[in-house]
Amino acid sequence: MNEHDSERMTGILEAQGCASVADAGCADMVILNTCSIREKAEQKFFSELGRLKSLKASNPGLKIAVAGCIAQQEGAGILSRAPYVDMIFGPSDISRLSSLLEQQRFGERTLVDTTGDPEYHRKRLPATRKDRLKAWVSIMYGCDNFCTYCVVPYLRGRERSRMPDDIAAEVRELGHWGYKEVTLLGQNVNSYGKGLGKGIDFPALLRLINEILGIERIRFVTSHPRDLSEKLIIAIRELPKVCESIHLPVQSGSDSILTAMNRRYRREDYLDKVKKLREAVPHIALTTDIIAGFPGETEQDFEMTMQLLSEVRYDGIFAFKYSKRPGTSALGLPGHLEEDIKEKRLERVLALQKEITIQKNRELIGTTQEILLDGRSKKGGMITGRTRGNKAVNVAADPSLIGSLVNVKISEAGMNSLTGQLCE
Ligand code: 5AD
Ligand code: SF4
């Protein structure tokens, strides 16, 4: 989502006549688009800011802007650590970037705008996309779920859906420009449409987009397990362009931890949804997010997560150590764990998943997969692409085929990618 926000900022700046440069040393302005989801992201930001300080010392005309969730969280507070920052604006203020730049031209003081544009979700902002075949499309902003560890609802605000006509128009334009794949973005795509008063929900939006010419594949992130409906499962099964792949963050396999996280589903409910998904769409690729070492997580709770991984056998996971975030209610929970316990649990989760991922990838050997060829592989002379399940595949093919859907027979499988041969 942040990367796509950066694409929007680039689009707005280019529409104003600015051009991107590869090296910050040549820039008149640098925008750091920040993430605050875990402490590590925040540390990275402050060290990057330190580097820009030295750059500004040698080029005093350089303007430094801070965008995104840390800007939203800290606001003018950033200036106490970094008084050399010129502009601070939040994720829902991107639409005001042009006017912020205008104001900047006429004044010296630091501009801070984290009030959030109430009309942000109704605006059609330009975007300069990095990729020419695959595009991200935001369908909603914010989140109402308030998982107890998470800063997102505080920083990205309440859930707001974009108008279906605006989304469809954007996707139509992408199809027209030769894009083949769209990934619909939202913190919780399954509650798309709530509050729009248009009688449209997420499965209906998928049906609308499935009709759009030129677009061959549709993906979406992220689905909250509680809101994953039977209607959505049917849509995945029925709609030819919707890829058989779903990211369904479970976070923990223990009911008491799920309750403490305010996830509002139980382990059994989650497993039941996985079962229904697999019954309806047998080869669906499943990925998840795991938090290791949530406050109060006992060795037994953690074992429940390990067991769940073995039971579900995900295609891949994203796992993180629990990180204390300002303003979240988990801060006040008893039983915060030492770093080394969190670290060890994270390592165990990752080691288990590594085995499962390799096994699952090997199961694809001998099968024929539809691949969207999207670029040159780092492996000498090969072309790379993705299966409908979003696995990377390297294949010997003519570069002129980049952008096409081809059938590939899988012959080798590693942890991060597969290799195959083009079928006639
Ligand atoms: N600590 C660790 N992981 C977190 N995530 C969100 N907040 C935290 C936190 N405080 C993870 C969740 C979420 C993913 C995007 O980031 O697993 O699904
Ligand atoms: Fe954060 Fe939970 Fe919302 Fe995901 S669903 S963004 S984890 S509050």
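The values are calculated or read from the model by the stated rules, or taken from the named source; none is laboratory data. From a predicted model like this one, the values you see are computed outputs, not experimental measurements. When we count neighbours, we look across all protein chains shown, and the Cβ atoms used for this are built from the backbone with ideal geometry, even at glycine.
Evaluate the following for residue 255: is it more than 16 Å from ligand 1 (Cβ to nearest atom), in contact with a Lys or Arg (Cβ under 6 Å, 6 or more places away or on another chain) and either under 19 Å from residue 360 (Cβ atoms) or acidic (Asp, Glu) (or both)? Criteria met by residue 255. Can you find a residue in the stretch 149-158 that is away from ligand 1 (no atom under 15 Å from the Cβ) and buried (at least 16 other Cβ atoms within 10 Å of the Cβ)? Looking through the stretch 149-158, at least one residue is away from ligand 1 (no atom under 15 Å from the Cβ) and buried (at least 16 other Cβ atoms within 10 Å of the Cβ).
Restricting the stretch 224-241 to residues that are assigned to a helix (DSSP H, G or I) and basic (Lys, Arg) leaves a set whose member that is surrounded by the fewest Cβ atoms within 10 Å (Cβ to Cβ) is 231.
With the structure loaded, tell me whether residue 57 is assigned to a helix (DSSP H, G or I), aliphatic (A, V, I, L, M) and surrounded by fewer than 17 Cβ atoms within 10 Å (Cβ to Cβ) or whether it fails that test. Yes, satisfied. Residues in the stretch 132-163 that are in contact with a Leu (Cβ under 6 Å, 6 or more places away or on another chain) and of a type outside the set (S, T, N, Q): 135, 136, 137, 139. The residue that is farthest from ligand 2 (Cβ to nearest atom), counting only those in the stretch 115-160 that are of a type in the set (Asp, Glu) and more than 20 Å from residue 178 (Cα to Cα), is 119. Would you say residue 302 is modelled with pLDDT of 95 or more and within 16 Å of ligand 2 (Cβ to nearest atom)? So residue 302 does not fit the description; no. Residues in the stretch 188-221 that are closer than 14 Å to residue 137 by Cβ and within 16 Å of ligand 1 (Cβ to nearest atom): 3 in all. Of the set (1) within 23 Å of residue 289 (Cβ to Cβ); (2) crowded, with 19+ Cβ neighbours inside 10 Å, all apply to residue 331 but (2). Of the residues 185, 174, the single one that is modelled with pLDDT of 95 or more and within 16 Å of ligand 2 (Cβ to nearest atom) is 185.
Sort through 263, 207, 217 and tell me the only one that's among the charged types (D, E, K, R), at pLDDT 95 or above and within 14 Å of ligand 2 (Cβ to nearest atom).
263
When 307, 369, 353 are screened for being surrounded by fewer than 15 Cβ atoms within 10 Å (Cβ to Cβ) and either in a loop (DSSP other than H, G, I, E, B) or more than 16 Å from ligand 2 (Cβ to nearest atom) (or both), only 307 passes. Candidates in the stretch 60-81 are the residues that are within 17 Å of residue 325 (Cα to Cα) and touching a strand residue (DSSP E or B) at 6+ places or on another chain (Cβ under 7 Å); of these, the one that is surrounded by the most Cβ atoms within 10 Å (Cβ to Cβ) is 71. For the stretch 66-95, filtering for residues that are in a helix (DSSP H, G or I) and not hydrophobic (A, V, I, L, M, F, W, C) leaves 11.
Restricted to the stretch 316-325, and to residues that are in a loop (DSSP other than H, G, I, E, B) and within 14 Å of ligand 2 (Cβ to nearest atom), which residue is farthest from residue 343 (Cα to Cα)? Among those residues, the one meeting the criterion is 325. Only residues that are aromatic (Phe, Trp, Tyr) and either touching a strand residue (DSSP E or B) at 6+ places or on another chain (Cβ under 6 Å) or free of Cβ contacts under 8 Å to residues at least 24 places away in the same chain (or both) were counted across the stretch 95-120, and they come to 1. Looking at 327, 335, just one residue is touching a residue at least 24 places away in the same chain (Cβ under 8 Å), more than 12 Å from ligand 1 (Cβ to nearest atom) and at positive phi, and that residue is 335.
Residue 37 meets the conditions (1) hydrophobic (A, V, I, L, M, F, W, C); (2) under 24 Å from residue 150 (Cβ atoms); (3) part of a strand (DSSP E or B) in every case but one. The failed one is (3).
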